[in-house]
Amino acid sequence: MLHVEEVEVVVAHRDCATLRVGDVFLKVDADQHRTDTEVEAMALAPVPTPEVLWRRPPALALAALPGRPLGRLGEPSTASPAAWAAAGAAVRALHDAPPPPWPGRDPDRLAADLDAECARLLDDGLLPADLVAHNRRLAQAALRPWTPVFVHGDLQPAHVFVDGDEVTGVIDWTEAGPGDALFDLAVLTLGHEEHLGDVIAGYGADVDPDLIRAWWSLRCLLAIRWLVGHGFDPAAPGCEIDVLKARM
């Protein structure tokens, strides 16, 4: 740690920041409840996670994982179909574990959030009305009763590390809790529809791809205003707005 060549800013916005210093990830979060969730979820999860090196609020130090991210939204993935299938198998192992002992989001709460977000997207002029209306109709299918399982809650392919065809670890557990299994599968494959079949094959259960696609619409509609407000660009090629347009 005394002789690192550089400090890499992995992500930074007004809520939290993650830095890479050598082989250590240093996370600083304004909300220590999120860090509490992350540390406890990693301890409970039956999949590889980063080693917690130390915690001194508001900072959390985690050991770097071997390998590289499975993919990133807006970029083609160079990972093999077998690696995507391995990610699906890791998700299945997580979902088969007992859910964490804290509350998760339910369909009624999500429906209210969807109503509010769609109204604000139109009020702010961020999206055309027909794009919002069509994807809102598609998203409704995801809002059915489900049996809660242990979900990661933000399972972007950038949070899944692979080395060759093996999953070496999963990072960023601040949104973990009980939830819908198909939500994790949807976030993992958002913008990477070509790997949906690989993930489902690795997951090894009978899932409805149309419900996963419904979650794509729901996820994007709920995320866009937050992304804009935190300095991200959901209109970048292959990102959230393009995903909504593809659903048309």
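The values are calculated or read from the model by the stated rules, or taken from the named source; none is laboratory data. Just so we're clear, the structure is a prediction, and the values are computed from it rather than from any experiment. Here Cβ is always computed from backbone atoms with ideal geometry, including for glycine, and neighbour counts include all displayed protein chains. Each accessible area value is taken on the protein alone, full model and side chains, heavy atoms only, with ligands, DNA and RNA left out. Shrake-Rupley method; radii C 1.70, N 1.55, O 1.52, S 1.80 Å.
Would you mind putting 93-101, 67-75, 118-126 in packing order, based on average other-beta-carbon counts within 10 Å, highest first?
On the way: 93-101: 15.6, 67-75: 18.1, 118-126: 13.3.
Per-residue Cβ counts within 10 Å, averaged per peptide and sorted highest first, yield 67-75, 93-101, 118-126.
Using alpha carbons only, what's the Rg to Rh ratio of the chain with Rh from Kirkwood?
0.95
Looking at the square roots a ≥ b ≥ c of the eigenvalues of the Cα gyration tensor of segment 10-141, which shape do they give, rounded for a/c under 1.5, prolate if a/b is larger than b/c, or oblate?
Because a/c hits 1.5 or more and a/b exceeds b/c, segment 10-141 counts as prolate.
Might you report the magnitude of the Cβ-based charge dipole of segment 161-248 about its Cα centre, with Lys and Arg at +1 and Asp and Glu at -1, to the nearest 20 debye?
That gives a dipole near 520 debye.
In nm, what is the difference between 0.36 nm times the number of residues separating Trp54 and Glu6 and their Cα-Cα distance? Don't skip to the end; give the middle numbers.
Numbers: separation 48, 0.36 × 48 = 17.28 nm, distance 2.09 nm.
My answer for the length gained is 15.2 nm.
Using amide H atoms built in the peptide plane, which far-off residues or other-chain residues are under 5 Å from Ala64 H to H?
Long-range HN contacts for Ala64: Val24, Phe25.
Can you tell me the dipole magnitude for segment 21-179 around its Cα centre, using point charges on the Cβ only (Lys, Arg +1; Asp, Glu -1), in Debye to the nearest 20? List each step's numbers first, then the result.
Numbers: 13 positive and 23 negative charges, 28 e Å.
With Lys and Arg at +1 and Asp and Glu at -1, about 140 debye.
Please list, in order along segment 82-89, the HN-Hα scalar couplings obtained from phi with the Karplus expression 6.51 cos²θ - 1.76 cosθ + 1.60 (θ = phi - 60°), rounded to whole Hz, x for Gly and Pro.
Once θ is set to phi - 60°, the couplings for segment 82-89 become 5, 5, 5, 5, 5, 5, x, 5 Hz.
Quickly estimate the mean residue ellipticity at 222 nm for the chain, helices only: each DSSP H run with n ≥ 4 gives -39500 (n - 2.57), and the total goes over all residues, rounded to 500.
About -13000 deg cm²/dmol.
Quick check: at a probe of 1.4 Å, how many percent of the accessible area of the chain sits on carbon and sulfur atoms?
54 percent
If you put +1 on each Lys and Arg Cβ and -1 on each Asp and Glu Cβ, how big is the dipole of segment 161-210 around its Cα centre, in Debye rounded to 20?
Working: 0 positive and 13 negative charges, 26 e Å.
With only Lys, Arg, Asp and Glu charged at Cβ, the dipole is about 120 debye.
Expected output is a single nm value to one decimal: the length gained when fully extending between Trp102 and Ala82, i.e. 0.36 nm times separation in residues minus the C-alpha distance. What is it?
This chain segment gains 3.9 nm when fully extended.
Please work out whether segment 12-71 counts as rounded, prolate or oblate from its C-alpha gyration tensor, where a ≥ b ≥ c are the square roots of the eigenvalues and a/c under 1.5 means rounded, while otherwise a/b larger than b/c means prolate and anything else oblate?
In terms of gyration-tensor shape, oblate.
Under the √(5λ) rule applied to the eigenvalues of the Cα gyration tensor, what semi-axes describe the equivalent ellipsoid of segment 98-222? Give them in Å, descending.
Equivalent-ellipsoid dimensions as semi-axes: 26, 17, 14 Å.
Which whole-number percent is the relative contact order of the chain (Cα, under 8 Å, 6+ apart)? Working shown, then result.
Details: 449 pairs, mean separation 58.3, N = 248.
Answer for the chain is 24 percent.
Find how many whole Å separate the alpha carbon centroid of segment 231-248 from the alpha carbon centroid of segment 86-159.
That distance is 16 Å.
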